[in-house]
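Worksheet for the structure shown next.
Nothing in this text is a laboratory measurement; each read-out follows from the coordinates by a stated rule. Please read these numbers as outputs of a predicted model, since none were measured by experiment. Please note: Cβ atoms are built from the backbone with ideal geometry, for glycine as well, and neighbour counts cover all protein chains shown.
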Amino acid sequence: MPFYHKLGKIPPKRHTQFRKPDGSLYAEQLFGTIGFDGMSTNSYHEHRPTQVKEIRAQYNIAPKIAKENHLHSYRLHGFKITPENDYLDSRKAILTNSDCTIILAAPKKSTKDYFYKNTDADELIFIHKGSGKLRTMLGNLDFKYGDYLLIPRGIIYKIDFDTKDNRLFIVESRRPIYTPKRYRNWFGQLLEHAPFCERDLRQPHELETHNQKGEFLIKVKKQDDIFEMVYATHPFDVVGYDGFNYPYAFSIHDFEPITGRIHQPPPVHQTFETDAFVVCSFVPRLYDYHPNAIPAPYNHSNIDSDEVLYYVDGDFMSRNDIDAGHISLHPAGIPHGPHPGATERSIGKVKTDELAVMVDTFSPLMVTEDALKLQDEAYYKSWITD
């Protein structure tokens, strides 16, 4: 849940005349969510944002489902995704349901020839490898390793990378993504016991304003189709805006862990939420300090949610044979827990350097054809001991 932000030039009162130096009017746009009930932003444009010249193409990019219903624990080798030049082509959906889609991407080049707009979903992009600049209609954000980029649905953006070596873990959410409600007061301010505060949320700091006419290609995603739409004016023509609906960045390294005398449950790691799933950040931290503590997690019967863990860095102590870029899926309906030997290994340890992102969905995830190309087929048997 971002807070109020203002960037560029705006009039003193909304929905009133705001004129250019030549006396003509700027075009005002209300950019809102959930009808008129959710977060919104008022932006002011050099040109009307409605000028479509041509719709060139329409094609489907829906995930191809390989397993719709299963009780199979998976380990996926995420770094086996083949890097591709184009940003959109590089995005491979691996897990999906009606609420969200989990995507891996390894783009080698910046988006130069088009702009992108996802009207289906908010996008939460975790930067595992790479750095660069997210360029949007509402301003720019620099990013680097460990950053989450939260891009609300409908934001037009490009993404510039500094190098060819980029690895992204992306969650598309068809529900708005917020900070956890229990960490906010009635006014929306993050509370003292929250593991991060407003100072940690980086807002757009650089507004690009292009007063240009011509042909500008925007690839628009709607209902899993891409529409190639040509607009008559540059999409980044905003001179100013204010409101609550804008992209922002948060670094996983700014998440302050909550620890205790005995093992803490996963909600203490929660970073984002929707009404259909949560996102948690596992970061370097001290282990439990009860004299008889067992730092490794207990076995958990996953009745209500699928658990997806994306391993970023460090030694994830509850798993055997886990490397950076691996993804585990433990489905609802069956227990999961530490690998053989992990519980014993954890006793006496005082800290961990692990770094991981977890997505817990409240509806089952379907496995895609692209996911099966990455799977370790024997993983579900890895809890067996002789």
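Please order S363, S43 by the number of other Cβ within 10 Å, starting at the fewest.
Numbers: S363 15, S43 25.
Arranged by neighbour count, lowest to highest, S363, S43 become S363, S43.
Pairs of Cα atoms nearer than 8 Å and 6+ residues apart set the relative contact order; for the stretch 23-129 it is 15 percent.
Please report C280, C100 as a ranked list, fewest other C-beta atoms within 10 angstrom at the top and most at the bottom. Walk me through the intermediate numbers first.
Values: C280 22, C100 26.
In increasing order of surrounding Cβ atoms, one gets C280, C100.
Simple spin-label estimate for Y298 and L25 gives 6.4 nm between the two label positions (7 Å along the Cα-to-Cβ direction from each Cα).
Here, the stretch 239-316 yields an orientationally averaged convex hull projection of 7.9 nm² when only Cα atoms define the hull. Take the alpha carbon gyration tensor of the stretch 40-194, find the square roots of its eigenvalues, order them as a ≥ b ≥ c, and report rounded if a/c is under 1.5; if not, report prolate when a/b exceeds b/c, else oblate. The shape class here is rounded.
Farthest toward the positive end of the dipole of the chain, out of P295, Y183, A232, is the Cα of A232, where the dipole comes from beta carbon charges about the Cα centre.
Per residue, the convex hull spanned by the alpha carbons of the stretch 179-260 comes to 168 Å³. With +1 on each Lys and Arg Cβ and -1 on each Asp and Glu Cβ, how big is the dipole of the chain about its Cα centre, in debye rounded to the nearest 20? The calculated dipole for the chain is roughly 880 debye. Entry for the chain at q = 0.11, 0.15 Å⁻¹: log10 I(q)/I(0) = -0.81, -1.42, Debye formula applied to identical alpha-carbon scatterers, no solvent contribution.
Between the residues H45, L217, P331, the greatest Cα displacement towards the positive end of the dipole of the chain, with unit charges on the Cβ of Lys, Arg, Asp and Glu, is found for H45. Separation of the stretch 1-55 and the stretch 75-89, taken as the distance between their Cα centroids, equals 37 angstrom. Treating r as the C-beta distance of D225 and D142 and R0 as 30 Å, the FRET efficiency rounds to 0.40.
If a/c stays under 1.5 just call it rounded; otherwise compare a/b with b/c (prolate if a/b is bigger, oblate if not). Do that for the stretch 16-67, with a ≥ b ≥ c from the square roots of the Cα gyration tensor eigenvalues. It would help to have the intermediate numbers written out before the result.
Details: a/c = 5.13, a/b = 1.81, b/c = 2.83.
Verdict is oblate for the stretch 16-67.
How would the stretch 243-386 be classified by its alpha-carbon gyration tensor: rounded, prolate or oblate, with rounded meaning a/c under 1.5 and the a/b versus b/c comparison settling the rest?
Oblate is the answer for the stretch 243-386, as a/c is 1.5 or above yet b/c matches or exceeds a/b.
May I ask for the distance between the Cα centers of the stretch 352-386 and the stretch 239-298, given as a whole number of Å? Cα centres, the stretch 352-386 to the stretch 239-298: 20 Å. The ranking of T136, T385, T233, T50 by Cβ neighbour count inside 10 Å, starting from the fewest, reads T385, T50, T233, T136. Rg and Dmax of the stretch 9-117, both derived from C-alpha coordinates alone, stand at 21.1, 65 Å. Once the mean of 1/r is taken over each pair of separate Cα atoms and inverted, the stretch 318-386 shows a Kirkwood hydrodynamic radius of 14.5 Å. Measuring gaps between exposed loop sites in the chain (GluC sites (Glu not before Pro); DSSP loop; at most 15 other Cβ atoms within 10 Å), the longest gap, sites not included, is 193-376.
Extension gain, H77 to D162: 0.36 nm times the residue separation minus the Cα-Cα distance gives 28.1 nm.
When Rg and the Kirkwood radius Rh are both evaluated on Cα atoms of the stretch 140-291, their ratio Rg/Rh stands at 1.03.
Per residue of the chain, what 222 nm ellipticity follows from adding -39500 (n - 2.57) for every DSSP H run with n ≥ 4, rounded to the nearest 500?
Working: 3 runs with 13 residues, N = 386.
Theoretical 222 nm ellipticity from helices: -500 deg cm²/dmol.
Given contacts defined as C-alpha pairs under 8 Å and at least six residues apart, what's the relative contact order of the chain, whole-number percent?
On the way: 973 pairs, mean separation 84.8, N = 386.
Result for the chain is 22 percent.
Across the stretch 255-381, the mean sequence separation of Cα contacts (distance under 8 Å, 6 or more residues apart), normalised by length, yields a relative contact order of 31 percent. Maximal additional length on extending the A66-Q51 stretch stands at 1.4 nm, based on 0.36 nm per residue less the C-alpha distance.
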